[in-house]
Every structure is written in structure tokens, then in C-alpha cells.
1. What residue, among those in the stretch A:235-266 that are surrounded by fewer than 14 Cβ atoms within 10 Å (Cβ to Cβ) and closer than 16 Å to A:Val413 by Cα, is nearest to the chain's Cα centre (by Cα)?
2. Being in a strand (DSSP E or B), more than 9 Å from chain B (Cβ to nearest Cβ), among the polar types (S, T, N, Q) and surrounded by fewer than 18 Cβ atoms within 10 Å (Cβ to Cβ) is the requirement here; does A:Ser276 meet it?
3. Of all residues in the stretch A:284-313, how many are of a type in the set (Gly, Ala, Ser) and either surrounded by fewer than 14 Cβ atoms within 10 Å (Cβ to Cβ) or assigned to a loop (DSSP other than H, G, I, E, B) (or both)?
4. Give all pairs with beta carbons closer than 9 Å in which a residue from the stretch A:306-318 that is farther than 20 Å from A:Val391 by Cα and more than 10 Å from chain B (Cβ to nearest Cβ) meets a residue that is of a type in the set (S, T, N, Q) and not in a loop (DSSP other than H, G, I, E, B); count only pairs at least 6 apart in sequence or on separate chains.
5. Would you mind telling me which numbered condition in (1) over 50 Å from the mean Cα position of the chain (by Cα); (2) of a type outside the set (Gly, Ala, Ser); (3) assigned to a strand (DSSP E or B); (4) surrounded by fewer than 21 Cβ atoms within 10 Å (Cβ to Cβ) A:Trp316 fails?
6. Using the structure shown, decide if A:Leu84 is in a strand (DSSP E or B) and more than 16 Å from A:Pro13 (Cβ to Cβ).
7. Would a scan of the stretch A:419-432 turn up a residue that is outside any strand (DSSP E or B) and farther than 30 Å from A:Leu152 by Cβ?
8. Test A:Thr345 against the criterion of being among the β-branched types (Val, Ile, Thr) and touching a residue at least 12 places away in the same chain (Cβ under 8 Å), and give yes or no.
Amino acid sequence: MIGFEVKDKEKLPEPAVVKCPNCRNNITFITHAQASFVGCGSCHKFFETRGSGKGLSALKFFDVRKQVKPIIPIGAKGLLKEKLYAVVGFAKYKEVKAAYFWQEYVLWSPIHGYALLAEYDGHWNYFQFISDYSHGKAHHGSFDYNGHHYNLYNRYRSEVQYAEGEFFWDIRDDQVQYAEYIAPPYTITRILGNKELSWLLGEYIQPEDVKAAFNLGEDMPPQSGIGASEPFSTSVSFETLKPIAIAAACILLLLQVLFAMSSKEVQLNSNSYTLSDTGLGTALPSMAGPTFTLQETMLGKSSLEFKLQAPVVNNWFALGVTLVNTQSRREYDFEMGVEYYAGYTDGENWSEGSTRQDKIISALPAGTYHVILQPYRENFSSVNSFTLAVVQDVPIWSNFWVALGLLITFPAVQWFRSYTFEKRRWMNSDFTPYT
Amino acid sequence: MPKFKFSFLTFFLLYLVLVLGYFVYAGMTGTRMLGDDTEQFDPSGPDRDSGGRRVRTHRFYHK
């Protein structure tokens with residue numbers, strides 16, 4: 001067989017078949033001489049191979065009560081990460097001193113070698129052996145590899161509860177120490193055994209992709225919680241949105257500065273008005289305000305700011321304003337009011353309110369307007385005058401803050417989702433950075 | 001011809017264009033995005049007494 005047949009014709013070498021010395025059922029050897037250990041799927045006996053033609057030497061029985069049926073059958077072929085693999089081994093692991101169980105599938109390709117497919121709580125990771133990174137047996141909290149920053153997530157020892165199929169290492173080694181470092185969707189796992197030190201690079205895989213790769217008919221195990229290397233979002237992360245939102249915010253600021261600089265702020269009128277004395281309970285009469293013309297702008301509309309000032313001290317003053325467009329007869333009503341209170345209480349001077357108020361009337365069509373004023377004041381009020389100024393084409397800073405709020409809404413929501421997601425992920429770790 | 005996929009990112013970019021576009025429109029027309037301070041736009045005026053005269057209601061809140 002040549003590589004072309006594996007790569008282009010998706011063919012793998014025919015397996016060798018050996019009778020199990022214990023139960024006489026067939027044991028297949030897909031990896032041929034590379035299999036150093038083999039477990040019989042029928043009688044659960046585990047053997048060491050003694051070399052070509054020399055048979056198998058029995059090592060141990062696995063407890064049949066701890067047997068689990070592999071979801072991906074031994075011998076199944078599948079195209080994973082564009083590599084054609086055969087499933088040659090399956091093992092069920094348990095964390096020493098803790099009731100955490102996971103399954104591992106040994107994958108083999110005559111071109112790409114060995115890989116592992118691990119499943120824990122319905123979350124799948126595809127592992128490949130790497131030789132371009134190692135920090136030996138030392139304990140590191142984090143490190144960088146291939147542009148990603150990996151943080152220590154978990155350290156534990158494992159024991160094998162069940163195994164069948166072919167293995168190139170002795171899985172009975174119960175002194176194996178694992179250290180998992182994550183940079184979702186990637187994981188780097190250090191496996192420190194009695195005789196060797198291995199490094200694996202894992203990548204999170206969606207269960208549907210595993211199911212499709214091996215053409216599995218049955219349902220995949222349901223997912224529980226968040227996987228150690230599960231990426232936050234398969235669509236758009238906060239890190240993707242952040243630079244776009246920052247760029248948009250810069251454009252927004254630039255536009256606002258341009259609008260502020262180009263605003264004409266034309267004062268159309270500024271006038272002081274005297275209020276007549278009225279009897280108790282008698283309303284103040286309405287007054288004729290200014291008449292002004294709004295200049296034509298590029299889009300035919302512009303903003304108008306009214307600035308009211310009244311000498312209020314421990315009382316209030318209100319002004320109803322009606323704008324009447326002389327051409328369309330359309331009316332625009334609004335109210336303004338000022339109130340100012342001050343005093344001395346418990347040894348401290350205090351004050352609240354203001355004698356001024358500004359109001360912006362937006363998108364007013366060009367044209368000539370009459371203004372009718374209706375003042376209101378408290379009975380026995382000392383307020384007997386007020387000043388009203390009208391300014392056309394003023395910059396509206398509230399628009400900038402509203403637009404900025406709208407721009408950062410999506411990134412803010414994604415950040416919050418990402419934060420809670422990461423916090424939940426690290427709840428399963430003894431090394432969580434979240435308190 | 002590659003099939004166009006309407007992703008979340010595309011949606012976000014369109015949303016940004018919409019927000020910035022409306023901001024430019026509001027800036028050029030003097031429109032307040034939060035809404036106006038004016039309370040009535042009915043040309044005939046909303047409040048009239050039994051004689052058909054215009055009645056203004058005082059709404060300014062004070063202490």
C-alpha cells in the first residue's frame with residue numbers, strides 16, 4: 001500500500017487477525033507491529049504482544065462491571081481534520097481520588113501516525129503529539145505556544161478502568177500524572193509517566209463533527225457544563241468585536257467634533273421680559289415673544305436652543321412656550337422651568353437647583369416663527385422678570401452619548417456573556433483566576 | 001460563486017453603519033436622537049375650552 005491510496009482513495013491497510021489466547025475470539029491488529037499492548041473486546045483480557053509470530057502474553061483482566069461500550073467502534077474509519085484515521089483502541093479512565101471519568105479513543109493513520117480523541121461530559125477534544133514544546137517536569141502556571149497563552153487548568157493522576165483494542169504504550173501505568181493547560185479552543189496536556197514524558201496539543205471539536213467524521217448512527221453523549229477548552233462562541237467573540245467597536249467609536253467622536261465645529265450657533269433673539277403684578281390666585285397673562293426666521297440649511301431642518309434665566313430664590317418659575325410657524329401654522333409647544341433653593345441647616349450651607357435652563361428643540365423646519373409665552377409663578381412670588389434667548393444650530397452632545405451607547409451595546413453584551421462563560425468554565429478548576 | 005452567509009459579524013457591521021448613518025443624519029438636521037422636548041405637534045392645538053379658546057396646561061414640576 002502506498003500513501004496515495006490512503007490520501008486520495010481513503011484506504012487503510014488490511015488488519016491482521018489473531019485468536020485471543022483466552023476466549024479464542026478474533027483480535028484485529030490494524031497497526032500491526034506497532035501494537036505493543038492489546039485488549040480483547042470479548043473477554044476483557046489485556047495482553048502484551050511478544051513480537052511477530054510469538055503470540056500474546058496475558059497481563060490482566062479488566063473488571064467487566066467497569067466496561068463501557070465505545071461510541072465509536074474499534075476499526076471505524078473517519079476523516080478528522082482532513083486526515084483519514086482508523087480507531088484502533090479505546091480506554092476508559094478515572095481520576096485517582098475523584099469520581100471523574102472520561103473516554104479516550106486511539107486513532108491511527110499510516111501517514112500521520114497516532115492521535116487521540118477524548119470525550120468528557122459530552123465534550124470532545126482531538127489530540128496530537130507535539131515535539132516542539134516542553135518545560136520538562138517543572139510546574140508552570142502558564143506559558144506561550146504558537147501565539148497562544150496557555151494557563152494551567154487541572155493537575156491529576158489517572159487510572160485505567162477498561163481498555164480494548166491496540167495501544168503502543170502500556171496503559172496500565174497507574175503513576176501517570178497529567179497537567180492540562182488551556183487556551184480555548186486549544187489544550188496542551190503534559191503526560192508524565194514512569195518511563196516517558198509526552199506533550200499533546202488538543203483542539204475542541206463539536207460532537208456533531210465527530211459524529212459526521214465517523215458516520216455514527218447513535219446519539220452523542222449529552223453535554224454537561226462547559227468544556228475545559230470549549231470556545232466561548234463559534235460566531236463572534238468579544239475580542240473580535242472590540243477593535244471594530246473602538247474604530248466605530250473613534251469615527252463617531254470625529255463626526256461629533258466636526259458637527260460641533262461646524263455648528264453656527266446663531267443667536268436669533270435675546271430679550272428680557274417683565275411680569276405684571278397680579279392678584280392672589282390670578283394667572284399671569286400670556287405674552288408675545290420674539291419673531292424670528294430660521295435660516296435654510298442643507299437638509300431643511302435645524303436645532304433650536306431656548307435659554308431661560310429667572311431670578312428665583314427659594315421658589316420657582318415656569319414658562320410655557322408656543323412656536324407658531326407662520327407658513328404652515330403648525331405649533332410646537334413645550335415648557336421650561338427654573339427653581340433654586342438655598343438655606344442653612346445643621347451648620348452647613350446648602351443649595352439645589354439653578355436659575356437657568358436650556359432646552360433644545362430638534363429638527364425644526366426652516367421658516368418664520370412667532371413665539372407666544374405663558375409664564376407661571378408661585379403666589380406672592382418675588383420673581384418679576386425673566387430672560388429668554390433663542391439660538392439656532394447648536395451641537396447636540398446627547399446624540400453623541402446615545403450613539404456611543406448603541407455602539408458599545410453589542411460588545412458589552414458579548415463581554416458580559418464571555419465573562420460569565422469563562423467564570424463557569426473555571427469553576428471546574430483548582431486554578432481559577434476568578435474569586 | 002460563493003454563497004453569501006449572513007453572519008452575526010455582518011449583522012453587527014450593518015448595525016454600526018445604521019447607528020453611524022442615523023447619527024450623521026441627526027447631526028445634519030439638528031435632530032435629537034433621544035426625542036424632542038416639544039410636547040404637542042397638533043397644528044390645531046390639543047387643549048381648548050368650551051368656547052374653543054386655546055387652554056395651556058402647566059406641567060412644570062417643582063417642589
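The values are calculated or read from the model by the stated rules, or taken from the named source; none is laboratory data. In this text the structure is predicted, and so the values were computed from the model without any measurement. Glycine also receives a Cβ, built like all others from the backbone with ideal geometry; neighbour counts cover every protein chain displayed.
1. This residue is A:Glu239.
2. Details: in a strand (DSSP E or B): no; more than 9 Å from chain B (Cβ to nearest Cβ): yes; among the polar types (S, T, N, Q): yes; surrounded by fewer than 18 Cβ atoms within 10 Å (Cβ to Cβ): yes.
Considered against the rule, which asks whether it is in a strand (DSSP E or B), more than 9 Å from chain B (Cβ to nearest Cβ), among the polar types (S, T, N, Q) and surrounded by fewer than 18 Cβ atoms within 10 Å (Cβ to Cβ), A:Ser276 comes out as no.
3. In the first step, residues of the stretch A:284-313 are kept if they are of a type in the set (Gly, Ala, Ser); the result is A:286, A:288-289, A:300, A:302-303, A:310.
Checking which are either surrounded by fewer than 14 Cβ atoms within 10 Å (Cβ to Cβ) or assigned to a loop (DSSP other than H, G, I, E, B) (or both) leaves us with A:286, A:288, A:300, A:310.
Matching residues across the stretch A:284-313 total 4.
4. A:Pro311/A:Ser385
5. Answer for A:Trp316: the failing condition is (4).
6. Details: in a strand (DSSP E or B): yes; more than 16 Å from A:Pro13 (Cβ to Cβ): no.
No, not satisfied.
7. Here is the first cut: in the stretch A:419-432, the ones outside any strand (DSSP E or B) are A:419-432.
From what's left, farther than 30 Å from A:Leu152 by Cβ: none.
Scanning the stretch A:419-432, I find no residue that is outside any strand (DSSP E or B) and farther than 30 Å from A:Leu152 by Cβ, so the answer is no.
8. Working: among the β-branched types (Val, Ile, Thr): yes; touching a residue at least 12 places away in the same chain (Cβ under 8 Å): no.
Spelling it out, it is not the case that A:Thr345 is among the β-branched types (Val, Ile, Thr) and touching a residue at least 12 places away in the same chain (Cβ under 8 Å).
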